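*Asks:* For reference, the structure I am asking about is given below.
The values are calculated or read from the model by the stated rules, or taken from the named source; none is laboratory data. Source: prediction; values computed, not measured. A quick note on method: Cβ atoms are made from the backbone with ideal geometry, for glycine too, and the neighbour counts reach across all protein chains shown.
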Amino acid sequence: MEGTVVDETLFAQFDPPVLAGSGCSACAVVVFPATSRCPSCADSVMEHRALPIRGTVWTWTSQSFAPKPPYEVPESGFEPFVVGYIDLGSVLVESRILGPVVIGDEVELRLLPLAGGDISFAFEKVAE
Ligand SMILES: [Zn+2]
């Protein structure tokens, strides 16, 4: 895929895409994006953790107006999109979601080309 990845630290790998989080060696909390300090305990070592590529829609909403910069409005004009939280079992990930979904739908990670040539990620409903 052509373009520049928005933030390479979000990914453990790109083809196929896998998100990179971190897990606490002391209390087992998993976070995304990756961090060097555990949000729930002070005495910890955070370890690199590749996250599952499939999860379920925990909740979602429609973004019906253009977000503030650095969001870039496509040349074709702004169109509403779906955002939500994906339950990956060990962690909830905030993400764009491709297509209509309902809570509980199974979704899978995809790379998402953005206006301006950047690449981010989204989750897409798994075909039944
Ligand atoms: Zn911890």
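Here's the yes/no breakdown for (1) basic (Lys, Arg); (2) in a loop (DSSP other than H, G, I, E, B); (3) under 26 Å from residue 14 (Cβ atoms):
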| position | (1), (2), (3) |
| --- | --- |
| 39 | no, yes, no |
| 68 | yes, yes, no |
| 77 | no, yes, no |
| 97 | no, no, yes |
| 101 | no, yes, yes |
| 107 | no, no, yes |
| 115 | no, yes, yes |
| 124 | no, no, yes |
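*Asks:* Restricting to the range 93-102, and then to whatever is surrounded by 12 or more Cβ atoms within 10 Å (Cβ to Cβ) and aliphatic (A, V, I, L, M), can you tell me which residue is farthest from residue 57 (Cα to Cα)?
*Replies:* 98
*Asks:* While we're here: Please go through the range 93-124 and pick out each residue that is without any contact (Cβ under 8 Å) to a residue 60 or more places away in the chain and under 14 Å from the mean Cα position of the chain (by Cα).
*Replies:* Selection gives 94, 95, 96, 97, 98, 107, 108, 112, 122, 124.
*Asks:* Also, I was wondering about something else. Being surrounded by fewer than 19 Cβ atoms within 10 Å (Cβ to Cβ) and within 16 Å of the ligand (Cβ to nearest atom) is the filter; apply it to the range 5-28 and report the residue that is nearest to residue 106 (Cα to Cα).
*Replies:* 28
*Asks:* Would you please name the residue that is modelled with the highest pLDDT, looking only at residues in the range 42-51 that are more than 30 Å from residue 125 (Cα to Cα) and surrounded by 13 or more Cβ atoms within 10 Å (Cβ to Cβ)?
*Replies:* Initially, the range 42-51 is screened for residues more than 30 Å from residue 125 (Cα to Cα), giving 42-46.
Checking the rest, the ones that are also surrounded by 13 or more Cβ atoms within 10 Å (Cβ to Cβ) come to 44, 46.
Numbers: 44: 78, 46: 93.
So the residue we want is 46.
*Asks:* Filter the range 82-92 down to the residues that are free of Cβ contacts under 8 Å to residues at least 60 places away in the same chain, buried (at least 16 other Cβ atoms within 10 Å of the Cβ) and over 12 Å from the mean Cα position of the chain (by Cα) and list them by number.
*Replies:* 82
*Asks:* State which residue pairs qualify: first residue among the β-branched types (Val, Ile, Thr) and inside the range 25-45, second residue near the ligand (Cβ under 6 Å from one of its atoms) in any location, beta carbons under 6 Å apart, and separation of 6 or more residues or different chains.
*Replies:* These pairs meet every condition: 29/38; 29/40.
*Asks:* OK, next. Inside the range 67-77, can you point out the residues that are surrounded by 10 or more Cβ atoms within 10 Å (Cβ to Cβ) and not acidic (Asp, Glu)?
*Replies:* 67, 71, 73, 74
*Asks:* Out of the residues in the range 52-66 that are part of a loop (DSSP other than H, G, I, E, B) and of a type outside the set (Val, Ile, Thr), state the one that is surrounded by the fewest Cβ atoms within 10 Å (Cβ to Cβ).
*Replies:* So, considering only residues that are part of a loop (DSSP other than H, G, I, E, B) and of a type outside the set (Val, Ile, Thr), the one surrounded by the fewest Cβ atoms within 10 Å (Cβ to Cβ) is 65.
*Asks:* Now, a different point. Which members of the range 29-46 meet the condition of being away from the ligand (no atom under 11 Å from the Cβ) and out of contact with any helix residue (DSSP H, G or I) (no Cβ under 9 Å at 6 or more places or on another chain)? Walk me through how you get there before you give the answer.
*Replies:* Initially, the range 29-46 is screened for residues away from the ligand (no atom under 11 Å from the Cβ), giving 32-34, 36.
Answer for the range 29-46, where residues must be away from the ligand (no atom under 11 Å from the Cβ) and out of contact with any helix residue (DSSP H, G or I) (no Cβ under 9 Å at 6 or more places or on another chain): just 36.
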